[in-house]
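Visitor: I am attaching a structure below and will ask some questions about it afterwards.
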Amino acid sequence: MQTINKEESLAGKYKNIFIRSKNLIVSPKQEWLLIYQEKSDLNSILSSYNLPYIGALAFISFLSILTAHQGHSFELALKHGISQFSSFFFGLFICYFITYKIIPQFVLKPNGKNIKLLAFKLTAYSSIFLYLVKISTYLIPQIYYLQAIGIYVAYLVWKGTKNIGEFESKDLRVVFTIIVTTLLLFIPYVISYFLMRFTGISF
């Protein structure tokens, strides 16, 4: 009975990931409303959505390097997978921390007292599209140009900012969106670059 419940729970978990990912792409405005209404915390969001994606991304990158590049050892592929996991995991928290710190500078009246949770929801769920693009380009290297679609993250952030509180002006909301989008797009890659330089990985 416990095994069946665990299987159902796991299936439900992946179903939720799929539904949330689809809704953020197809109907982000409505999905953000649901996200901010949910009673969740940082750990539940991280374990339910971000970690599964980051883990899958790291594993797929490991397999991609191992199978697609002749002459590269298991150790190099493993280092690359760990680098990808670390860059997106720590990158998420750096983006979250900076966003949390700058929200009071842009938002007059945050929706709710828990600004940390608002910041984490904004950065964690906006990152999902980045994970999907990165995984897709590892699975099908020929569509590497899809990484340019990462700019769609700006649209997700823009829609998400509407629900975090009252901005003094639309211009400030635009600036805030640009800052958060830039953090999400570039911090993981900066971390990955330095990790790969530090470990001596080059392709």
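The values are calculated or read from the model by the stated rules, or taken from the named source; none is laboratory data. Remember, it's a predicted structure, so these values are computed and weren't measured experimentally. Note: ideal-geometry Cβ built from the backbone for every residue, glycine included; neighbour counts use all protein chains shown.
Visitor: Please go through region 93-137 and pick out each residue that is of a type in the set (A, V, I, L, M, F, W, C) and touching an Asp or Glu at 6+ places or on another chain (Cβ under 6 Å). Break it down stepwise before answering.
Guide: Taking region 93-137 and keeping what is of a type in the set (A, V, I, L, M, F, W, C), we get 93-95, 97-98, 102-103, 106-108, 115, 117-120, 122, 124, 128-130, 132-133, 135.
Selection gives Leu108 alone.
Visitor: Taking the stated definitions as given, is Ser9 polar (S, T, N, Q), over 18 Å from the mean Cα position of the chain (by Cα) and in a helix (DSSP H, G or I)?
Guide: Values: polar (S, T, N, Q): yes; over 18 Å from the mean Cα position of the chain (by Cα): yes; in a helix (DSSP H, G or I): yes.
When the stated conditions are applied, Ser9 passes them.
Visitor: How many residues, within region 19-39, are outside any helix (DSSP H, G or I) and at pLDDT 90 or above?
Guide: Filtering region 19-39 down to residues outside any helix (DSSP H, G or I) leaves 27, 38-39.
Filter once more, so that each one left must be at pLDDT 90 or above: 27, 38.
Qualifying residue count, region 19-39: 2.
Visitor: Among the residues of region 77-101, write down those that are among the hydroxyl-bearing types (Ser, Thr, Tyr), within 15 Å of the chain's Cα centre (by Cα) and crowded, with 19+ Cβ neighbours inside 10 Å. Before the answer, list the steps.
Guide: Restricting attention to region 77-101, the residues satisfying the condition of being among the hydroxyl-bearing types (Ser, Thr, Tyr) are 83, 86-87, 96, 99-100.
Next, from what is left, pick out any that are within 15 Å of the chain's Cα centre (by Cα): 86-87, 96, 99.
Those that are among the hydroxyl-bearing types (Ser, Thr, Tyr), within 15 Å of the chain's Cα centre (by Cα) and crowded, with 19+ Cβ neighbours inside 10 Å: Ser87, Tyr96, Thr99.
Visitor: Return the total of residues in region 153-178 being on the phi < 0 side of the Ramachandran plot and in contact (Cβ under 8 Å) with a residue 60 or more places away in the chain. Can you show your working first?
Guide: Restricting attention to region 153-178, the residues satisfying the condition of being on the phi < 0 side of the Ramachandran plot are 153-164, 166-178.
So of that shortlist, the ones also in contact (Cβ under 8 Å) with a residue 60 or more places away in the chain come out as 155-156, 159-160, 162-164, 167-168, 172-173, 175-176.
The total comes to 13.
Visitor: From the residues in region 40-83 that are among the hydroxyl-bearing types (Ser, Thr, Tyr) and part of a loop (DSSP other than H, G, I, E, B), which one is modelled with the highest pLDDT? Give the steps one after another, and end with the answer.
Guide: Initial filter on region 40-83 (among the hydroxyl-bearing types (Ser, Thr, Tyr)): 40, 44, 47-49, 53, 61, 64, 67, 73, 83.
Narrowing the set further to residues that are part of a loop (DSSP other than H, G, I, E, B) leaves 40, 73.
Values: Ser40: 90, Ser73: 76.
Going through the qualifying residues, I end up with Ser40.
Visitor: While we're on this one: Taking Thr182 as the residue in question, decide whether it is surrounded by 18 or more Cβ atoms within 10 Å (Cβ to Cβ), among the hydroxyl-bearing types (Ser, Thr, Tyr) and in a helix (DSSP H, G or I). Break it down into steps so the answer makes sense when it comes.
Guide: Numbers: surrounded by 18 or more Cβ atoms within 10 Å (Cβ to Cβ): no; among the hydroxyl-bearing types (Ser, Thr, Tyr): yes; in a helix (DSSP H, G or I): yes.
In short, no.
Visitor: Something else: Restricting to region 63-96, and then to whatever is free of Cβ contacts under 8 Å to residues at least 12 places away in the same chain and of a type in the set (Phe, Trp, Tyr), can you tell me which residue is farthest from Asn163 (Cα to Cα)? Walk me through how you get there before you give the answer.
Guide: Here is the first cut: in region 63-96, the ones free of Cβ contacts under 8 Å to residues at least 12 places away in the same chain are 66-67, 70-71, 73-75, 93.
From what's left, of a type in the set (Phe, Trp, Tyr): 74, 93.
Details: Phe74: 45, Phe93: 21 Å.
Per the criteria, the residue is Phe74.
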